[in-house]
Structure formats: structure tokens, C-alpha cells
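Quick notes on the structure that follows.
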Amino acid sequence: MKTPYELFIALKYLRAKRRQKFISAITIISIFGVMVGVMALIIVLSVMSGFEKEVRNRILGLNAHIFIFNFKGPLFNYEKIMTKVEKEKEVLGVAPFVYGQVMINTSYSVSGAILRGIDPERIGKVSNLPHILKAGNLSILKEGKFLNGEKLPCLIMGQELAKKLGVWVGDIVILISPFTRITPMGQLPKIKRFYIGGIFVSGLYEYDASLIFTSLKDAQQFLGLGNAVTGLEVKIKEIFKAREVADFLEKRLGFPLWTKNWIDMNKSLFSALKLEKLAMFIILTLIIGVAALNISSSLIMMVMEKTKEIAILKAMGATEGNIKKIFIYQGLLIGLIGTFLGVFTGISLCLFLKRYPLIHLPEDIYYISTLPITVQPNEVLIIAIGAIILSFLSTIYPARQAARLDPVEAIRYE
């Protein structure tokens, strides 16, 4: 297959001669501008995608996809509901839970915390808690701990909360319930000692600094729920179908049961992340736009420099379409080279940062400790196509001006 002569001439024009070094410098700057714009877009969008994915995974690591509650308060006879939910084909696991706010007191400090009662045998079906334990084990929640002839209930707390309180596995803490009990001295808060049987690290500061887990039975007794639970947590196969599955379960179970799903519960967070991602995409696309304007200016200068050559080509029989193609090919070559270099450097830097997490983040602000990177092939493709389209659009005006050149006027004084 023969190379079109328009492409051959375009390649020839890209090579600088002595008197065209300034034009060549503008061409190099245009290539560099496209490269930087494409590279910046790939890196920033990969970081935003990685951050969104990492936060989502860590939120769902300790939380199920769907929660089932009772409009009238605690949920009784939850075993029957669990059996009914487990039969649905989209459901992977169901587990009961108890939820309440407590104060936790030690010899060194005091802090508020979220107490969650769980079934140690079922929690692995809906949560990653068994896999994120840094110390201790889940079985101790069910077994309890005998100290000095007394059996103490056990709990597992987040590492950041343990640091704040100055405790670790083997220590004893005091939990204070906001629900009071009636005594001869009047109404007093319920107080109970717990043995720390484990420490977990979820990677999310908010959870590691506030969550404590205990057995379902101990939480029911401490919060005065009897045999009832706060609700059921459900894990499903497709996490992005949580809303549809939740609506289906709510209709299937009927009133007074209702459902919440992780998408709606974290809607504001992920909506903000998507808005930031869109804003960054628009802002960084302007870099490619500036590079496209540089391509246009370099082609305009090239047309002025090559007036004589264009006139000769027209005199030899080249049509306006042929002249347009020469400068369109030239601009597209600049855009393609810049886009290829930008994609290559962008992906390379992303892979490097993913392999070597050199950038660290404050966990209490950004939820995670290191900069997450997730390269999305579809995003890279959109960026590359967009850069090439902008490069093409920047060639239209210079190519049209070159095609309109009158050969007689161009060579009259030569």
C-alpha cells in the first residue's frame, strides 16, 4: 500500500530546516503540551477512581450492602426473616446485628464509641471483619474471658480507638450505656466491664476510631433489648444492584419492615467524589485545549512559511482538498505523537505510584493512608480520543487558509 503523498509532504514539513527552527520549536512545544495534558488527565482521573474504589471497598468491608429494619423499633423473630431473605438468589449472606452508642472508659481516657453486637459465626458472610483483625480472634466474643473466677464479656475495637484510650488486647475497659436503670439510688446509667479480645484495622479512620464489636448476646443484655436485634445486614452478589435488591426485599417482606442500601447511605460522599472528578476532568482538558491552540498557531506559521511550496503544488495540479490534507495530517501527527507520549508516561507513572506508594495522606482527613491509583482503560481511551479530536479541530482553520491560497499571487514576485 502506497503512502499518500499528502502524508509524505506533511512528514517532510515536520522536519525543521535551519531557517525554520522557530516553527519547529513551536511544534515541539505543541507536542509537549498535548503530552502533559493527557498525562495529567490520566494520573488525576486514576487517582480519583482509585480513591473512590478504595473508600467504597473499605466502607463495604465492615458494612453489608443492605440493611433491614423495623419501623416499630427492635426486630423480633428475626430468624424467620433471615430464612426468607437467604432464599433469594441475589443474596450471599444474612446476619443479625445490634447497634448502639456507648461511652468507653479506661484508667487513662474516656471516649464515645459505636457498639455493634454481631453473631461471630455469621459475621464472615456479610463482613470482612475476620480478615482485618490485627490481634486476637472472633471466637473469644462467644466464649468470653474468665478472670479471677469472673466471666467477662469480650469486645473487639479499632486500632485508632485503642491508641486513643491507651489499651490493647488483654486490657479491661468499662462500657457505659446511655440507657438508665432504676436502682434504690434512683436512675443510674448501666455500667459493665469488658475484656479486650481483639483489635481490627479497616483502613478507614472513622471506623477504626469509633467502632467496637461484641457478641450479639452480650450487646442485647447490655442495651436491654432482650431477644430482639436492631436489624439484619445482607450481602449480595452485585454491589451496584443494592438499590434494586433492597426495594425488592422491602416489597417481599412487607410492612413494617423497611430497607436501606449502601448506595443511598453514602450518596453524598460518592456524589461529591464524582463532582470533583468531573471538575478536574474539565479543568485539565483545558491544558489539551491550550496545546491544540499551539498546534493551530504552528500550522498558521507553517502556511506562511510554505506559501511558495503550496503555490507550486497547486500549479502542479494539487487540489484544495490535497492541500487541506497536508496540514490536517501534520496537525494530527503532532496530536498523535503527543497523545501517545502522554498515555505512555501517564500509565507508567500510575503503575510506578501503585507499586511504590511514596505519597502518604493524613488518615483522619482523607480516610486512607496512601494515594490510591486505579487506571480505568475506558477513561484512558476517552482521554486519548478527546485529545486527537481537539488536535484535529485545531487543524481546520490553517488547512482551509492554505487551501484558499492563490498560486498566481504567491509566486508573482518570485
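No value in this document is a laboratory result; all are computed from the given coordinates. None of the values given here were measured: they were computed from a predicted structure. Ideal geometry is used to build each Cβ from the backbone, glycine not excepted, and the neighbour counts take in all protein chains shown.
Tabulated results
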read-out: Whole-Hz ³J(HN,Hα) from phi, Karplus 6.51 cos²θ - 1.76 cosθ + 1.60, for segment 114-124, glycine and proline x; value: 9, 9, 10, x, 10, 8, x, 7, 9, 4, x
read-out: FRET efficiency, 1/(1 + (r/R0)^6) with R0 51 Å, evaluated for residue 397 and residue 72 via beta carbons; value: 0.15
read-out: Whole-angstrom gap from segment 116-162 to segment 287-326, using each part's C-alpha centre; value: 73
read-out: Residues 389, 295, 347, sorted so that the one with the fewest Cβ neighbours within 10 Å comes first; value: 389, 347, 295
read-out: Spatially proximal lysines relative to residue 306 (Cα-Cα < 24 Å; intrachain offsets below 8 disregarded); value: 12, 17, 21, 314, 324, 325
read-out: Inter-probe distance in nm under a simple model that places probes 7 Å from Cα toward Cβ, at residue 131 and residue 319; value: 6.3
read-out: Mean ellipticity per residue at 222 nm, deg cm²/dmol - from DSSP H runs of n ≥ 4 across the chain, formula -39500 (n - 2.57); value: -17500 deg cm²/dmol
read-out: Compactness of segment 53-124 as Cα Rg over 2.2 N^0.38 Å, two decimals; value: 1.39
read-out: Residue 151/residue 240 FRET efficiency (R0 45 Å; Cβ-Cβ; nearest 0.05); value: 0.50
read-out: 5 angstrom amide H check on residue 179, placed H, neighbours 5+ away; value: 190
read-out: Along each principal axis, Cα extent of the chain, largest first, Å; value: 115, 48, 40
read-out: At least 20 Å along the helix axis (C-alpha) and Kyte average at least 1.0, DSSP helices within the chain; value: 21-62, 267-305, 320-355, 377-403
read-out: Exposed trypsin sites (Lys or Arg not before Pro) absent - longest run of the chain, DSSP non-H/G/I/E/B, at most 12 other C-beta within 10 Å; value: 238-403
read-out: Efficiency of FRET between residue 251 and residue 336 - r from beta-carbon atoms, R0 51 angstrom, step 0.05; value: 0.40
read-out: Local net charge near residue 151, Cβ-Cβ under 10 Å (Lys/Arg +1, Asp/Glu -1); value: -1
read-out: Distance between modelled label sites at residue 227 and residue 272, nm, 7 Å Cα→Cβ extension; value: 4.4
read-out: Alpha-carbon centroid distance for the pair segment 55-110 / segment 190-245, whole angstrom; value: 6
read-out: Kirkwood Rh (inverse of mean 1/r, distinct Cα pairs), segment 126-265, angstrom; value: 17.4
read-out: Sparse-neighbour loop sites [chymotrypsin sites (Phe, Trp or Tyr not before Pro); segment 73-157; at most 13 other C-beta within 10 Å; DSSP]; value: 108
read-out: Size descriptor, Kirkwood hydrodynamic radius, that averages inverse alpha-carbon separations across segment 369-408, Å; value: 13.4
